[in-house]
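**Q** Handing you this structure, nothing more for now.
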Amino acid sequence: MGRTRSLYVCSACGYESPRWLGRCPSCSTWNTLAEERPAPSAGPGAVPRDAGPPPETVRLDEVVEMADERLSTGLGELDRVLGGGLVTGSVVLIGGEPGIGKSTLLLQALMQLEAAGVSTLLVSGEESPGQVKLRARRLAAGRGGLRPSAPGGLRLLTETQVERVVGALERERPAVCVVDSVQTLWSAVSSSAPGSVAQVREVTGRLVRVAKAEGVILLLVGHVTKDGYLAGPRVLEHMVDAVLAFEGDRDHAYRILRAAKNRFGSTNEVGVFEMTPGGLEGVPDPSGIFREEGPPASGAAVVPALEGSRCMLAEVQALVVSSSLAAPRRVTRGIDHNRVSMLTAVLMRRAGLKLGDCDIFVNTAGGLTVEDPAADLGVCLAVASSLWDRPLPEGVAALGEVSLTGRVRYVSRGALRLRELEQRGFKRVLMPARTLEEVRQHGAPKGVKLQAVADIGEAVRGTIG
Ligand code: TYD
Ligand code: MG
């Protein structure tokens, strides 16, 4: 008789290996492989092949079309990311680091739905009914718009065994159910520990099946580990209809909700929230919030970064100091480390900046993560400004991607970015020539001086030098 062999499964991506490895070859994370014993029942082979007659197929034109009905969560920013609200029968996974506000967001949504007459159920494996009630009371007090009795009808279940949760769902059939969180649930079918990949997969599979069968909209909470990987939930992405990631810096009040996958809408839109003592408040016009007040300081530059269909003005801050280390430090927060290394190299080589013996720190203000390449030029200006200890002139902003050759390259949506800058009082904007041409064709704003820049040396010396 053969031994039952253990498998080592990566908790971040689900990669399976017959032996333990320190680093997952699939997703390159360290120390995520954990031992799991295979399930006793032998997978698909256990199902007899002659299970009834073969199924009927249908012609597409005979299929009854699904109505694209959306249920508003009452939270505009959440609806925006979902693509206009919750879709009937859909399953949405919401991931984020512990403490970022997932439970708060979903409790607020449930309270709003309940107030709108939608039947709801909150399954919590993490908090006691007393804790949930306390939070609900605080949230209701924070938003005067809710009827005082609003959260009263919300149904609660504190349970961690998925079979029992499934039973409750089948009996109560709420229109919307929140499960907080998939990692706390466990199934009697699987012998693995709660929170392991096998358990999280099994639990989610059970919940998705019952939700689809009963027509329940299911919102699942999934915790993300510190390094940004969902412990388990990454392996769930294909099982659910939408995956939303709740991001932000716990030290800052602002939070961003992004769609990593959305079967019913675009993945471009982001929602912006502010964490207040009365819960999460949507920020419909977020362009100005990721900046610091006050006169220009050396090392700071404002960039108009696109987030979905909106433009946010982000402040990039750089600090350049002479280093005593053989390998000077490059530390970034809110902006890609490799991107900053590359831009530093370009500044050294193409603009002649002496950065080789300097430690370089680059941050974004307010905890915003900037991925838009249009921020390159702003990052370069911030670094040069810090190196020379001279602030950028007041009212100046920059947009443009910087290539390895030192050229400033075209970026799209120039008109949208300029409009935002103009509204916030910027007077002079540096941009690539092609973007400038495009903006002129659309009718450039009158009060802003547009300046074309071709290469990075010219841009930094012409602005700060
Ligand atoms: P929580 O929703 O519990 O996070 P998660 O479920 O993602 O782990 O939110 C945690 C933080 O939010 C907590 O540190 C307190 C803060 N908070 C507020 O600032 N205001 C509020 O109204 C609430 C409910 C929470
Ligand atoms: Mg929570």
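Readers should treat all values here as calculations from the given coordinates under stated rules, not as data from a laboratory. The structure presented is a predicted model; accordingly, all values stated were derived computationally and were not measured. Note: ideal-geometry Cβ built from the backbone for every residue, glycine included; neighbour counts use all protein chains shown.
**Q** Under a plain spin-label model, where a point goes 7 Å from the Cα along Cα-to-Cβ, how far apart in nm are Glu170 and Arg434?
**A** It works out to 6.0 nm between the two label points.
**Q** Moving on. List every residue whose amide H lies under 5 Å from the amide H of Leu353, counting only residues 5 or more places away in sequence or on a different chain, with H placed 1.01 Å from N in the peptide plane.
**A** Residues meeting the criterion, in which the H sits 1.01 Å from N, are Met348.
**Q** Let me know the charge dipole size of the range 183-294 about its Cα centre in debye, to the nearest 20, where only the beta-carbon of Lys, Arg (+1) and Asp, Glu (-1) is charged.
**A** The calculation lands at about 680 debye.
**Q** Please list the non-local residues whose amide H lies under 5 Å from the amide H of Thr73, H modeled 1.01 Å from N, same-chain partners needing a gap of 5 or more.
**A** Asp79, Leu86
**Q** Next up: Just grab the label-to-label distance for Ser119 and Thr88, each label 7 Å out from Cα along the Cβ direction, in nm (one decimal).
**A** 1.5
**Q** Cross-link partners among lysines for Lys446, C-alpha distance below 25 Å, same-chain residues fewer than 8 apart left out?
**A** Lys427
**Q** Need the full-extension length gain, Arg5 to Ser341, defined as separation in residues times 0.36 nm minus the C-alpha distance. One decimal, nm.
**A** 116.5 nm
**Q** Oh, and also: Considering only the other residues whose Cβ falls under 15 Å of the Cβ of Trp20, what net charge follows from Lys and Arg at +1 and Asp and Glu at -1?
**A** Net of charged neighbours comes to +1.
**Q** So between Thr267 and Glu394, what do we pick up on full extension, going 0.36 nm a residue minus the alpha carbon distance? Walk me through the intermediate numbers first.
**A** On the way: separation 127, 0.36 × 127 = 45.72 nm, distance 3.54 nm.
Result for the pair: 42.2 nm of gain on full extension.
**Q** Then there's this: Which FRET efficiency value, to the nearest 0.05, do you get for Leu416 and Ala452 by plugging their Cβ-Cβ distance into 1/(1 + (r/R0)^6) with R0 = 25 Å?
**A** 0.85
**Q** For the chain, what does the helix formula give at 222 nm: sum of -39500 (n - 2.57) over DSSP H segments with n ≥ 4, over the residue count, nearest 500 deg cm²/dmol?
**A** -8000 deg cm²/dmol
**Q** Can you list the residues, at least 5 places off or on another chain, whose amide H is less than 5 Å from the amide H of Ile217, using H built in the peptide plane?
**A** Correct list: Gly89, Val176, Cys177.
**Q** With the dipole of the range 71-284 worked out from charges on the C-beta (+1 for Lys and Arg, -1 for Asp and Glu) around the Cα centre, which of Val178, Met275, Ser191 lies farthest toward the positive end?
**A** Val178
**Q** Loop-only GluC sites (Glu not before Pro) in the range 257-315, please: DSSP not H, G, I, E or B, and at most 16 other Cβ atoms within 10 Å.
**A** Working: sites: Glu269, Glu274, Glu281, Glu292, Glu293, Glu307, Glu315; in loops: Glu269, Glu292, Glu293.
Loop-located and lightly packed - Glu292, Glu293.
**Q** A further question follows. Could you name the aspartates and glutamates in cross-link range of Lys261, using Cα to Cα under 13 Å and dropping any fewer than eight places away on the same chain?
**A** Within the straight-line limit of under 13 Å, Lys261 reaches these aspartates and glutamates: Glu237, Asp241, Glu269.
**Q** Return the lysines within reach of Lys133: Cα separation strictly under 27 angstrom, same-chain partners fewer than 8 residues apart disregarded; answer none if there are no such residues.
**A** Correct list for Lys133: Lys102.
**Q** For the chain, what's the relative contact order in percent, using C-alpha pairs closer than 8 Å and at least 6 residues apart?
**A** Normalised by residue count, the contact order of the chain is 12 percent.
**Q** Would you mind estimating how fast the chain diffuses translationally, via Stokes-Einstein at 10 °C and 1.306 mPa s with the Kirkwood radius over Cα pairs, in µm²/s? Walk me through the numbers on the way to the answer.
**A** Values: Rh = 24.9 Å.
Value of D from the Cα-based Kirkwood radius: 64 µm²/s.
**Q** Check the chain for me: any Cys whose beta-carbon has no other cysteine beta-carbon within less than 4.7 Å?
**A** By the Cβ distance rule, which asks for a partner under 4.7 Å, the isolated cysteines are Cys177, Cys311, Cys358, Cys380.
**Q** Expressed as an acute angle from 0 to 90° and rounded to the nearest 10, what is the orientation of the C-alpha long axis of helix 197-214 relative to the principal long axis of the chain?
**A** 70
**Q** Using the Cα centre of the chain as the reference point, and only Cβ charges (+1 on K/R, -1 on D/E), how large is the resulting charge dipole? Debye, rounded to the nearest 20.
**A** Roughly 700 debye, rounded to the nearest 20.
**Q** Would you work out which of Ala327, Pro373, Gly52 lies farthest towards the positive end of the dipole of the chain? Charges go on Cβ: Lys and Arg +1, Asp and Glu -1.
**A** Ala327
**Q** Same structure again: Taking every pair of alpha-carbon atoms in the range 288-463, give the share separated by more than 25 Å as a whole percent.
**A** Details: 3820 of 15400 pairs.
Within the range 288-463, distances greater than 25 Å cover 25 percent of Cα pairs.
**Q** Further question: Where the only charges are on Cβ atoms (+1 Lys, Arg; -1 Asp, Glu), what is the dipole of the range 277-425 about its Cα centre, to the nearest 20 debye?
**A** That gives the range 277-425 a dipole magnitude of about 580 debye.
**Q** Sorted by mean Cβ packing within 10 Å, highest first, what order do the peptides 242-248, 183-189 take?
**A** 242-248, 183-189
**Q** A follow-up question, please. Identify, among Val64, Asn363, Gly248, the residue whose Cα sits farthest towards the positive end of the charge dipole of the chain, taking +1 on the Cβ of Lys and Arg and -1 on the Cβ of Asp and Glu, with the dipole about the Cα centre.
**A** Positive-most Cα among the choices belongs to Asn363.
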